[in-house]
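*Asks:* Questions regarding the structure given below will be posed in turn.
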């Protein structure tokens with residue numbers, strides 16, 4: 001909905017509510033005036049009759065009483081008069097009133113008993129009436145009877161209906177005229193200028209930087225048009241400057257392209273060396289143990305098996321790095337976390353003993369099975385365990401645990417069960433700046449590191465629909481939490 005239309009609707013609604021409320025209150029006020037006027041007329045007639053009746057003696061002068069009643073009855077708005085004598089139980093009434101006078105007699109008797117006038121709206125036959133009832137006293141102040149002046153209120157209702165329609169038509173004309181003025185004003189002073197601004201913006205979006213908007217009205221929209229024109233001028237200058245800088249940058253890029261290719265090759269080679277370095281260290285350690293204890297046939301056999309496994313691992317690492325280029329998806333197989341930890345720690349047995357690290361493992365017997373690629377996940381844990389060991393140069397404790405948790409992850413309906421793998425060390429810890437960048441490519445704090453290990457780990461875990469969280473404090477150690485989905489699937 002356009003701004004002008006909204007403004008018209010809102011202002012029209014306010015005007016309609018205000019004028020309608022005014023008309024309603026005006027109608028109530030007019031009705032109240034008519035009622036008070038009618039009551040004043042009836043009271044005036046009643047006071048006149050009271051004075052006249054109290055000066056004559058009742059029940060004497062009956063003809064004179066009836067003449068007074070008939071005189072009042074001639075007034076077109078007065079339906080009739082009822083006069084009641086208490087002592088003789090006589091009733092005088094207008095010729096227009098014959099039957100059904102009992103309610104009025106009751107009101108007269110109530111007025112006599114209470115000594116005050118009573119007013120009440122009601123009906124006589126089918127006509128709406130208003131009755132004014134009062135008592136009569138003799139010269140000694142004794143109650144001798146009462147009078148009920150009955151006024152026909154249909155005249156008042158007719159006047160009220162006429163006034164109501166006059167007020168309604170007046171309010172309707174005022175609302176219609178005001179809404180029409182608002183509609184014309186918003187179209188002229190808001191809709192049209194905004195339409196011109198929108199047309200200029202669309203032309204500029206299409207690339208026409210020579211677009212200008214001419215609005216000379218001395219208001220905020222005119223100021224907006226001038227600001228738009230100035231923006232068009234500035235954009236044109238900036239566009240020309242960008243073209244010049246682009247040509248300069250293109251020439252510079254051509255000269256740097258060759259050096260960038262060489263740098264990329266160096267980074268890939270460095271990453272490959274880092275990934276192969278870990279199994280080579282294991283092979284070197286096992287070969288050293290074999291050399292020291294050549295007569296230990298069991299140890300030699302075990303060391304030879306580890307060396308063969310690591311050689312196969314080097315091949316798989318190379319295949320894995322090539323798989324990153326080919327976007328190879330991880331295999332989806334059920335894996336036992338206890339066995340995965342065991343084989344990974346066997347590879348690092350030499351480093352653990354050499355650094356004097358104590359390994360504590362806490363995995364419940366009923367730990368759920370995770371799904372994923374065993375070789376890739378072993379690479380993740382191998383990197384995390386090795387980093388933890390290297391962070392404790394003077395020895396320490398490496399705590400490993402796994403537990404099941406139900407977590408609601410963004411993008412999934414409901415909760416899913418994950419295994420939380422907890423890798424905690426008591427090493428040197430990391431500063432905040434290091435903690436914020438450890439997963440960035442080529443970021444490292446090691447002299448011989450390449451900054452690719454944790455990045456590769458993070459990518460592998462993401463490929464398994466999981467994620468990694470890390471906490472660390474300088475001098476107290478670091479804790480990595482790896483979340484991997486289980487075979488339980490997604491919960492409802």
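The values are calculated or read from the model by the stated rules, or taken from the named source; none is laboratory data. Owing to the predicted nature of the structure, the values given are computational and were not obtained by experimental measurement. So basically every Cβ, Gly included, is an ideal-geometry build from the backbone, and we count neighbours across all protein chains shown.
*Asks:* From the list 214, 223, exactly one residue is loosely packed, with under 11 Cβ neighbours inside 10 Å, under 26 Å from residue 8 (Cα atoms) and not assigned by TED's automatic domain parsing to the domain that holds residue 12. Which is it?
*Replies:* 214
*Asks:* Still on this structure: Which count do you get for residues in the range 349-381 that are modelled with pLDDT under 85 and in a loop (DSSP other than H, G, I, E, B)?
*Replies:* Counting residues in the range 349-381 that are modelled with pLDDT under 85 and in a loop (DSSP other than H, G, I, E, B) gives 4.
*Asks:* Another question, if that's okay. Checking residue 116 against (1) over 60 Å from the mean Cα position of the chain (by Cα); (2) under 18 Å from residue 73 (Cβ atoms); (3) surrounded by fewer than 19 Cβ atoms within 10 Å (Cβ to Cβ), which test does it fail?
*Replies:* Looking at each condition in turn, residue 116 falls short on (2).
*Asks:* If you go through the range 69-87 one residue at a time, do you hit one that is on the phi > 0 side of the Ramachandran plot, loosely packed, with under 13 Cβ neighbours inside 10 Å and not in a helix (DSSP H, G or I)?
*Replies:* no
*Asks:* Take the conditions in the same structural domain as residue 119 (by TED's automatic domain parsing), modelled with pLDDT under 75 and surrounded by 12 or more Cβ atoms within 10 Å (Cβ to Cβ) and apply them to residue 56. Does it pass?
*Replies:* yes
*Asks:* Confirm whether residue 119 is at pLDDT 75 or above and either assigned by TED's automatic domain parsing to the domain that holds residue 148 or touching a helix residue (DSSP H, G or I) at 6+ places or on another chain (Cβ under 6 Å) (or both).
*Replies:* yes
*Asks:* Here's something else I'd like to know. Can residue 123 be described as loosely packed, with under 14 Cβ neighbours inside 10 Å, in contact with a strand residue (DSSP E or B) (Cβ under 8 Å, 6 or more places away or on another chain) and farther than 30 Å from residue 11 by Cβ?
*Replies:* Spelling it out, residue 123 is indeed loosely packed, with under 14 Cβ neighbours inside 10 Å, in contact with a strand residue (DSSP E or B) (Cβ under 8 Å, 6 or more places away or on another chain) and farther than 30 Å from residue 11 by Cβ.
*Asks:* In addition: For residue 123, work out the one condition from (1) over 60 Å from the mean Cα position of the chain (by Cα); (2) in a strand (DSSP E or B) it doesn't fulfil.
*Replies:* Here residue 123 clears every test but (1).
*Asks:* Given the condition outside the structural domain of residue 97 (by TED's automatic domain parsing), under 40 Å from the mean Cα position of the chain (by Cα) and over 30 Å from residue 135 (Cα atoms), answer yes or no: does some residue in the range 160-172 qualify?
*Replies:* Yes, there is a match, as at least one residue in the range 160-172 is outside the structural domain of residue 97 (by TED's automatic domain parsing), under 40 Å from the mean Cα position of the chain (by Cα) and over 30 Å from residue 135 (Cα atoms).
*Asks:* For the range 132-173, which positions are out of contact with any helix residue (DSSP H, G or I) (no Cβ under 8 Å at 6 or more places or on another chain) and assigned to a strand (DSSP E or B)?
*Replies:* Passing the criteria: 144, 152.
*Asks:* Output the residues belonging to the range 364-413 that are over 46 Å from the mean Cα position of the chain (by Cα) and closer than 11 Å to residue 337 by Cβ.
*Replies:* Matches in the range 364-413: none.
*Asks:* Surrounded by fewer than 17 Cβ atoms within 10 Å (Cβ to Cβ), modelled with pLDDT of 90 or more and over 23 Å from residue 439 (Cβ atoms): is that true of residue 343 in this structure?
*Replies:* No: the conditions fail for residue 343.
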